[in-house]
Every structure is written in C-alpha cells, then in structure tokens.
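Input: a single structure, listed below in structure tokens.
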Amino acid sequence: MAQVERQKLEADIVCVGMGPATGGFLTTLTKEISEHQGESYLDSKVMPGMPLQVLCYERADDMGFGVSGVVSRARGIKQSFPDIDWSQIQMAAPVKGEKLAYLLDPIGASCRSGLFKFSDTLIRSLKAVLPYKDEALEMPFIPPFMEKHGGAVFSIGQFNQWVGMNLMSSGQVQIWPGMPVEKPLVENKKVKGVRLVNQGVEKSGAETEMFMPGMDIEAALTVVGDGPVGAVGQYLDEEFGMPQGHHKHEWAVGMKFVVQLRDDVDLEPGTVFHTFGYPEPEVFGFMYIYPGKVASLGIFIPSWFDNPVRTAYRYLQHWMMHPYIWKHVKGGTLKSWGAKSLQESGITGEPHLCGDGYARIGEGSGSTNVLTGSGVDEAWTTGTQLAEGVIELLKAGKPFTKENLEATYVAKRRASWVQEEGKVAEKSRNGFSYGVIPGLIGMSLAGFSKGLLNIPAKLVAPHKRYKSLEQYFAGKLSVQKIAEIREICKKANKTIHDEIMNACGWPEIPYDGTLLVTQQDALLIGGKVQAQGGFADHVEFIDTDICKGCGMQVCVEICSAQAIAPGEEGVPVFDREKCVHCGACLWNCSQELPQGHGVTNVKFGAGCGGLHSVEN
Amino acid sequence: MSNAYSIIVCAGLAPDPLQRLEPMDTPTGPALKNEMMLPAVLDPWAACALYEADNLAKKLPGSKVYLVSMALKTKLQQVMMVLSQKVPFELVAIDGPSNGFTDARECASELAQAIEAIPGLDKDKMLLFGGWESATRAAGATMQILGEKLGVVDQFQGVDKIEIEPSGAIKLWERVEGGKQQVSLCESAPVMVGWATGELPEPPNNPQVGMANMRTVMPALQKAKSAAASSSALKFKGVTLPAQVRETRIEKDMPVEAIAQELVTWIRGN
C-alpha cells in the first residue's frame, strides 16, 4: 500500500475532546499563562519566543453539541470559578430542591418481578398514609450521598460553550471543533501526539478528489479527554491494557428530552427529580428544571438491564408519560433531544492514568462516581489536577514522562475527594448484577457505610449477560408469540422492540408532533442531527459473518438514533447521517471476537457530525 | 499587468440548520428568541462566495481574501472556530446584529465603512463578493447598496462562475430565467459579485490554515467596531414564521419518479 504523505504540525500540548475534563484542564492552564506571561517556563519549546502552543481537537461540529443536562455539587467547578454566577450561563440554576420517587407501573406492562408487583399493590393499598400521589411514592428524604444541595443544575452544552468561549477569548489556547482525532501516535510505548482523521473520503474510506490525509499533530504531552467511547482512549486501552483487576463492564445509555413547559407549570428553577421503578425497574429517570420553564428530563438504560430489545427512545416516552412526570410535562414542546453512553465502572474502570507523553482525564479515565450519580464535576476536577501537575513539571523543567506525571497529576488525584469518594463508590453497584433490589440494597449499604459494606459480585461484560428474548420474556410472552413477532419484523425489515413492547401491553405512543414525536422527528426537530460529507463511516461491523450468525442484534435495538438498521442476511446497516455518536453500539454488541479480550464485533471510531443542538 | 486583487467577501451569519426560530418583539424591533443560544454558521450563500474567493486567490498570485462580517461578536468567535479551518482569510469584524431584521441600507453602511477602513485597499483592484441570497433575508439588496456606496457600478447577481482573463478582463456567468446563464465580460475591477451557489464544495478542515487564520482572527475580534445599525429607519408591522406541516416517514430506495409523483399529488391536493 502506498505511503500517504501527511502534513505535520508541532505543538507543546495537544488535547483530545473538549468536554468538562478538558475544560477544567485548559481553564487552569490558561489562568497560569495569563497570570505569568513572559515567564520562561511557559515558553513554547516548538515555537521559540512564543508562549506555550496548546491545541484542542473536538470531534463534534461545535463546542457544546451532543452533551446533556446535569445536576452537580459543582465543587471542582466552583473552585475554578469562585465567583460563578449561574445566571450568567444559559440554562443553569442553583439547586433549590430534590425529590426521589419510586414510580409504580400504572399500565401493568413492565417486566417487574413479583416483589415489585407486591410493592406496588401494598403502596396503593396504603396510599392514604403514605406520601403517594400520581402513581408514585415520594421518598421522605434523599440519601445524603446522592444530595446535590449547594450545587447547580445546568446544561453541559451551554456550560461547555461558556467555558470554551472564555478560553478562546483568552487567546492562550486554540480549540478546533469538527476535527476528529483518529488515534494517538505511539512509538516505543511513548505517545508522541495524535493523528487527525482523513478527510475527502467516501463513507467506505475510499479517497475522493478532495482527499486530505489526516494531519499528524506532534506534542510533548497528549491530554486524552475524549470521553467513554473516544477513539484515542480505546486505542490506549488496547495498546497498554487495563491495570490488573480493572475493567469497563458497567455502562449505561442516557437519553433525554429538553422540553419547554406550559406557562402554568410552577416548578422552581433548580428543582431536581430522581425516579426509579418505571418503565422497568432497571430504568432510572431524572428531571431538572432550568430557568424559563425549561426542563431537561430523561432516563438511563444500564448495561445490567438484560432485555435484549432495550430501546431507550420508547422507554423514555413511556417514562415521560408516567402520571408523576406527565402532569408537569403534558402540553409542553420538545426543544431538544440527545443521547450518550456513560462509563459507569467508576474507579474500577480506571485505565492507566498516564504514560510517557500522555495523560487521561475525565469520564474515560474512570472519574465518574456511580454512587453519588455525579460525573461532570469529577471530570472537571481531574482536568484541573492534570493542569496543576503540568504547571509543576513546566516550572521544574521536567519532561512529561510516566514517572513525572504520576508524581504530580496522579498523586494529586489520589489525594483528592475524587479518589476518596470514588473508593466509596467502587463496589456500590455490584449488587445490580443480581437484580434491582440487591442493587439498591448494595448502594445503600455502600453509601451509608462509606464503602465499608457492599454486596460482592463478580462483574461480567455486557455481552456475556444477555438472555435470549424467550428467556427474558418468559412468563410474559410465549415462545410462539416471539417467533411470530420475529417473522413479522424480519419480513418488514424493522427492529423488533416496538412489536415486543406492544405485545407486552405497552400502549402505542399518541404522537402529537409537538412533544410526542417519532424517533426520526426527534433527530430532526430535537437533536438537529447532521453530518457533513467527506468523512468515513465511524461505525463498522468488523466481521460480517459474525453478524450473520448473531440473531440478537442488540446493536440495532439499542441504537439511539435508528442509525443502525436491520440489513440483508442479518448484517446491520449503518447510516452515518443519523448517528448521534452515543457509542451505545460499542458496548451493546453481543458478539465477542474470537481473539477474546472482551473486544466485540462493532468498531466505533472517530467521526464528526451528530447532534447540532446546544440546548442539551 | 498584475492580476492581484483584494477579494472582499461580505458574509453574515445564519442559524445552524434545523434550529427552532422564534421571532419576538423587543424595544429595538424584532429579534430571535434566545438568539445567543442558537448555534450559527456562516450564511451558506456567502460561504460559497468565500470558497470561490479562495479558489480565485490561489490562481492569482498576490491576491488577498478579506472576510467582512457583521454579527454579535461572541457568535462570530464561535463561527470562526470552524470556518478558520477552511480557507485563508483576514477577518474584518463588526460587532452588530445578524438576526435578519437589520435594514439592508444600514447594514450596507456598516460594511462600507469597514471596507473603506481596510489599510492600503486599492478599490480599483477590488472584487466585492457576497451572497446573492441569504439564509436569513435577501442579501442582494445589501450587496447592491454596498456596491453603490463604494462606487462599484459593475454589479452581477446570481453568479455561478467567474474567470479572470490574462488581459485582466473579468468573465462572469449569471443565472437568468429558464435555467440559462448570461455571460458577461467586464473590462476590469472593481466589480460586485452576488454569488449563487458557486461550483465548489466545502473545503476540508485544515489545521494549518486554522492556525494561520487564528493569528489575525482573535485580534480582529478584539478590535471589532460596534455597529450603529439600529433599524431605526425600518419598521416591522409584524413578524411570524410560516406555518409548517411536518410529516416524516422513512423510505429506502424509493424511485425518484415515485417521489416526484407523490409531491405532485400532494401539491395538487393543497
């Protein structure tokens, strides 16, 4: 194969991904550069006489595209911005109140266990004396480990934009959206920089007359903050392996709507709802109220939810229509929609945090705390810790070696609340391996005992958990009924989840074109999903023969945007123009490749396009 | 004779496609609700002009492309992060409205002042580019008035193609009715060119171009002059969005004849 002539660019530091972690890193670094202008330790090594050359490449088409709403204690963020005024950031408000509610099943279609059914019956019979209303039981208190008092609700999209604009205005860093990074440049186990993706190619990767080979960006330090499914993080995991005993088996896909509420809805900005129990016991929900009667609401579909037809979109609509939520949301207008994967292994999913020439920060570095339900603030804080470490090394004139980064960045991280609370959360969710109730008990044990107690379990990768449709719906749907549904869907070449849910008793969604819209309309009027040409498909099915023998096709059922559809002979078809880059296909593939190591048959690479909404 | 030109591209911003636009009344006239939150792009018609300008500049050594843009400074900064990677240019920024409700005459005045202030500009070697139409409002009127204010009398609208002959004469292909083009030969610059869609695709993102542009973009944004355009001379009786009917369905491999027939049936039924 002919060697491609690539352009090369040199920088001092190159960052991958402009999320909260990189925001924390760059905010801390630019503050130092601004306050100590002209000092020699901040001079560029690659452009003598100039200040440090710091570049950041973001795959999304703009800063703030494709992320979500959040409730956070925002401790790390407030440390960076001690005088932060949330009213200066769009779609943000201080937390004013939190509610935790167990949602009963008002329809009777969910696959809840006998214990849950008994609970529902008991709650209804005692509703006169319980805090019960609208088919929900409001908990009298929020477990302290989940509380976010003193924090804020905000749109990560708007927050990222605010941070990014401040950074660009400083003139100290350059952030380039719409520029995906293909992989790190690794030589002799040292990371030398990154390679950007090829442009001017067909979906297949074939060159066109506009072909421009991805440029190599060489830098003394590569900061990897490309999230849970980022291409660079995946490459490093494969190249360097995971530390002994660590794994990334726990995932979730979060899907949400942003809704303009009716004028008569009187929920105070900063109000937070957490729910569990419905539409399936495994599905957790949230609703955050922003100023201007805008709500961000959604659900999480965890990897330990064993339903192989785990559609997030329809479950989200049924959850939204639960009486407890619907009374606020009914009559509203859909403003935005989006989805993303969450790495929920926490500290157990922590990869090697640094090596020669690179450091990892944020969600992809295992910073998310699954007990407190918090990730953004932790990600931000790991970014600030890396920046502090980098500044120390620059002052000392030391190179960015594994040893030096461990002595600075990693040492700061280990000594911080991120690590301390991460350890408490480490095994808190293991109980979910056995079911929802053991999971909730395990969380409570870990939370109240500060991590001393938990329910032990050996966690397995998602692809090793799947049950067949017949097993999962045993007692709910007959084998014959499932076979009929399979046949109907195969003939119609469509996903199976809608027919299965209909058969289970879930009512059809009464589309109104305003709030209850089809999934395709959610892409267009919600996510404003787009993909410019000239880039290769970033989702590939590695061995199509394996797809042909799969039979489950969870990748098709879970796909947040219907970008993966049933294809001929069982080989799914990927439509790049619909993809929102949530990455759910990566961890939902049920087929491990023959070489093992947990690598499945879906390759999820770097690509641009996706959501074009900043209201997420 | 030197064929080096100052190619000045005038470009506004438009909301990123598919955004929900909500017009609202303010004390200073109509505006878009949550305009600051709407992601923006360079007006696609003007973007075509920019890519054509870059293509022309590459063929004519010594030529230089200026991008003159009036928009809210923060939105300009956002758009520049993506646009700067496309083609080399020098930004002339004007901090002002770009919501589509600005009077064409006032907008043209601001642009004219900014262009007149470009150091060392030789108007006899000026190619004034812009969009013929706009994603927000018709830009043709703005470009025409701007040309007049700058004394550019040779004006062409709906241009698909431009060529510079060795003599310095400028050949232009303009769209006319019936799917035809009118070809004109203009003896020399200056000319005003309102571009249709041009012939060039969107260039790939080039990090080196971005780095080079950013050295001038950030200073240009920092010294962006505030526009005086206030719409004071223009009164809107009302602003509404056209009613929309949305029916989405997915069709794979549907023959174009069938799509056309369905559209015809639908139009006749309405």
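Taken together, the values in this text are just the output of simple stated rules run on the coordinates, not laboratory data. Quick caveat: nothing in here was measured; it's all calculated off a predicted structure. Positions of Cβ are backbone-derived with ideal geometry, glycine not excepted, and every protein chain shown enters the neighbour counts.
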Per residue of segment A:500-511, in order, report the coupling 6.51 cos²θ - 1.76 cosθ + 1.60 (Karplus, θ = phi - 60°) as ³J(HN,Hα) in whole Hz, putting x for Gly and Pro. 5, 5, 4, 5, 6, x, 5, x, 5, 6, x, 4
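DSSP loop (so not H, G, I, E, B), at most 16 other Cβ within 10 Å: list which GluC sites (Glu not before Pro) in segment A:424-529 pass both filters. Don't jump to the answer; show the numbers that get you there.
Details: sites: A:Glu426, A:Glu470, A:Glu484, A:Glu487, A:Glu499, A:Glu508; in loops: A:Glu426, A:Glu508.
Passing sites in segment A:424-529 are A:Glu508.
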Neighbour cut-off at most 10 other Cβ (10 Å), DSSP loop, trypsin sites (Lys or Arg not before Pro), segment A:203-275: none
Charge dipole (chain A, unit charges on Cβ, about Cα centre) - positive-most of A:Leu524, A:Gly534, A:Leu130: A:Leu130
The farthest towards the positive end of the charge dipole of chain A, of the residues A:His612, A:Pro82, A:Thr348, given +1 on Cβ of Lys and Arg and -1 on Cβ of Asp and Glu, is A:Thr348
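Have a look at the DSSP beta bridges in the protein assembly as shown and tell me what percent are antiparallel, nearest 5. Don't jump to the answer; show the numbers that get you there.
Working: 84 of 134 bridges.
Roughly 65 percent of the beta bridges in the protein assembly as shown run antiparallel, per DSSP.
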Distribution of pairwise C-alpha distances over chain B, 10 Å bins, in %: 6, 27, 33, 21, 10, 2, 0
Centroid-to-centroid separation of segment A:171-186 and segment B:125-193 [C-alpha atoms, Å]: 38 Å
Which whole-number percent gives the relative contact order of segment A:464-604, counting Cα pairs below 8 Å spaced six or more residues apart? 22 percent
Looks like segment A:220-360, by Cα gyration tensor root eigenvalues a ≥ b ≥ c and the a/c under 1.5 rounded cutoff (else prolate when a/b is bigger than b/c, oblate otherwise), is prolate
Need the list of aspartates and glutamates near B:Lys235 for cross-linking: C-alpha distance under 15 angstrom, and skip anything on the same chain fewer than eight residues off. B:Asp25, B:Asp103, B:Glu106
If every alpha-carbon in segment A:1-98 counts as one equal scatterer, what log10 I(q)/I(0) does Debye give at q = 0.14, 0.21, 0.22, 0.25 1/Å? -0.75, -1.21, -1.26, -1.38
To the nearest 20 Debye, how big is the dipole of chain B about its Cα centre, given +1 on the beta carbon of each Lys and Arg and -1 on that of each Asp and Glu? 560 debye
The protein assembly as shown - mean residue ellipticity at 222 nm from DSSP helices (-39,500 (n - 2.57) per run, n ≥ 4, rounded to 500): -8500 deg cm²/dmol
Magnitude of the charge dipole, segment A:464-604, Cβ model with Lys/Arg +1 and Asp/Glu -1, debye to 20: 320 debye
Plugging the Kirkwood radius over Cα pairs into Stokes-Einstein for chain A, at a temperature of 25 °C and a viscosity of 0.890 mPa s, what D comes out in µm²/s? 99 µm²/s
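Which GluC sites (Glu not before Pro) in segment A:143-202 sit in a loop by DSSP (not H, G, I, E or B) and have at most 14 other Cβ atoms within 10 Å of their own Cβ? Kindly include the intermediate steps, with their values, before the conclusion.
Values: sites: A:Glu147, A:Glu182, A:Glu187, A:Glu202; in loops: A:Glu147, A:Glu202.
Within segment A:143-202, the qualifying GluC sites (Glu not before Pro) (loop, at most 14 other Cβ atoms within 10 Å) are A:Glu202.
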If contacts are Cα pairs under 8 angstrom and at least 6 residues apart, what is the relative contact order of chain B in percent? 25 percent
Separation of alpha-carbon centers, segment A:343-419 and segment A:563-602, rounded to whole Å: 30 Å
Across A:Lys45/A:Lys192; A:Lys330/A:Lys494; A:Lys481/A:Lys578; A:Lys528/B:Lys225; A:Lys427/A:Lys464; A:Lys256/A:Lys578, pairs whose alpha-carbon gap is larger than 22 Å: A:Lys330/A:Lys494; A:Lys481/A:Lys578; A:Lys528/B:Lys225
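Sort segment A:145-266 into rounded, prolate or oblate with this rule: let a ≥ b ≥ c be the square roots of the eigenvalues of the Cα gyration tensor; rounded if a/c is under 1.5, and if a/c is not under 1.5, prolate when a/b is larger than b/c, oblate otherwise. Write down the numbers at each step before the final one.
Numbers: a/c = 1.83, a/b = 1.46, b/c = 1.25.
Note, shape of segment A:145-266 comes out prolate.
Can you sort A:Arg195, A:Arg429 so the residue with the fewest Cβ neighbours within 10 Å comes first? Mind showing how you got there, number by number?
Values: A:Arg195 20, A:Arg429 26.
Lowest to highest Cβ neighbour count: A:Arg195, A:Arg429.
What's the exposure ranking of A:Thr372, A:Thr518, A:Thr381, A:Thr271, going from fewest to most Cβ atoms within 10 Å? Walk me through the numbers on the way to the answer.
Working: A:Thr372 23, A:Thr518 16, A:Thr381 26, A:Thr271 20.
Going from sparsest to densest Cβ surroundings: A:Thr518, A:Thr271, A:Thr372, A:Thr381.
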Once you order the gyration tensor axes a ≥ b ≥ c over the Cα atoms, which shape class does segment A:464-604 get: rounded for a/c under 1.5, otherwise prolate or oblate by comparing a/b with b/c? oblate
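Would you mind ranking B:Thr265, B:Thr142 so that the residue whose beta carbon has the fewest other beta carbons within 10 Å leads the list? Don't skip to the end; give the middle numbers.
Details: B:Thr265 10, B:Thr142 26.
Fewest-to-most ranking of B:Thr265, B:Thr142: B:Thr265, B:Thr142.
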Residues of segment A:499-517 with amide nitrogen under 16 Å from the 7 Å Cα-to-Cβ point of B:Thr265? none
Give the range of the longest stretch in chain A that excludes all chymotrypsin sites (Phe, Trp or Tyr not before Pro) found in loop regions by DSSP and having at most 13 other beta-carbon atoms within 10 Å. A:142-510
Amide H contacts of A:Gln199 (H built 1.01 Å from N, under 5 Å, at least 5 apart or other chain): A:Met212, A:Gly214
Give me the net charge of A:Met212's neighbourhood, meaning all other residues with Cβ under 14 Å from the Cβ of A:Met212; Lys, Arg count +1, Asp, Glu -1. -3
